[in-house]
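One structure is given here, and the rest of the page talks about it.
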Amino acid sequence: MDQAKRAAFVERVVAAGRAVGIIVTPHAMAETTATAAQAAAALNVQVGQIVKSLVFTVEGADGVRGVLALVSGADRVDLNALGTALNLETGEHVRRATADEARAFTGFVIGGIPPLGHDPLPGAAPLTLLADRGLAAWGELWAACGTHLDVFPISYSDLLRAAGAREVAISESRRESTR
């Protein structure tokens, strides 16, 4: 990714934070932070402190819509719990989004999807944002800042506010005390 494009993605996240009264302080990393384990290692923090931004697709008779689930890096999403939280209609089902769908719904590439600042591609359905309660167990959280090389610290309460996410219980906890 060229530097101008990288800077534009980071600035979009910073501006989105500013718009809701949250200061986003980006940290440029020398190593990739595309996975929770990579981010935790680069930051020297617990995997659970990393906010995973996971994109899902809900398909049904009315079409397709996107869901962004914010989950601790130490947890996995329980698809049944996610379906319940989304109040799926008869005939609707939820699945992990493809890389192209994730980009269409958020305007970012997998590995760098932030919890805020989304710019869906034209024609993409509105994105539903959910935050798993498991994130509340961690003090300082770290989230992607628009690229796989940029992250920022945020508290759980600020994360909820910045993302405009609804708090839900959708994780299969697999907490580990090590990185």
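The values are calculated or read from the model by the stated rules, or taken from the named source; none is laboratory data. Keep in mind it's a predicted model, so treat the numbers as computed, not measured. Glycine also receives a Cβ, built like all others from the backbone with ideal geometry; neighbour counts cover every protein chain displayed. Calculation scope for accessible area: heavy atoms of the full protein, side chains included, ligands and nucleic acids excluded. Shrake-Rupley method; radii C 1.70, N 1.55, O 1.52, S 1.80 Å.
Below is a table of values for the structure above.
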| item | result |
| --- | --- |
| Test item: Cα-centred dipole of the chain, Lys/Arg +1 and Asp/Glu -1 on Cβ, debye | 260 debye |
| Selected from Ala74, Gln49, Ala30, residue furthest toward positive end of dipole (region 22-82; charges at beta carbon) | Ala30 |
| Within region 69-100: backbone nitrogen closer than 16 Å to the Thr35 label point (7 Å, Cα to C-beta) | 73-77 |
| Gap separating the Cα centres of region 123-146 and region 53-118, nearest whole Å | 11 Å |
| Segments 114-120, 86-92, 151-157 sorted - mean Cβ within 10 Å per residue, highest first | 114-120, 151-157, 86-92 |
| Sparse-neighbour loop sites [GluC sites (Glu not before Pro); region 8-67; at most 16 other C-beta within 10 Å; DSSP] | Glu31 |
| Computed helical MRE - 222 nm, the chain, DSSP H runs ≥ 4 contributing -39500 (n - 2.57), nearest 500 | -8000 deg cm²/dmol |
| Share, in percent, of DSSP beta bridges within the chain that are antiparallel, nearest 5 | 75 percent |
| Per residue, in Å², the accessible surface of region 109-175 once ligands and nucleic acids are set aside, probe 1.4 Å | 42 Å² |
| For peptides 18-26, 129-137, 35-43, sequence by mean Cβ density within 10 Å, most packed first | 129-137, 35-43, 18-26 |
| Apportionment of accessible area to carbon and sulfur, region 30-138, percent (1.4 Å) | 50 percent |
| Rounded accessible area per residue of region 18-93, 1.4 Å, Å² | 47 Å² |
| Relative contact order of the chain, defined on C-alpha pairs under 8 angstrom at six or more residues apart (%) | 30 percent |
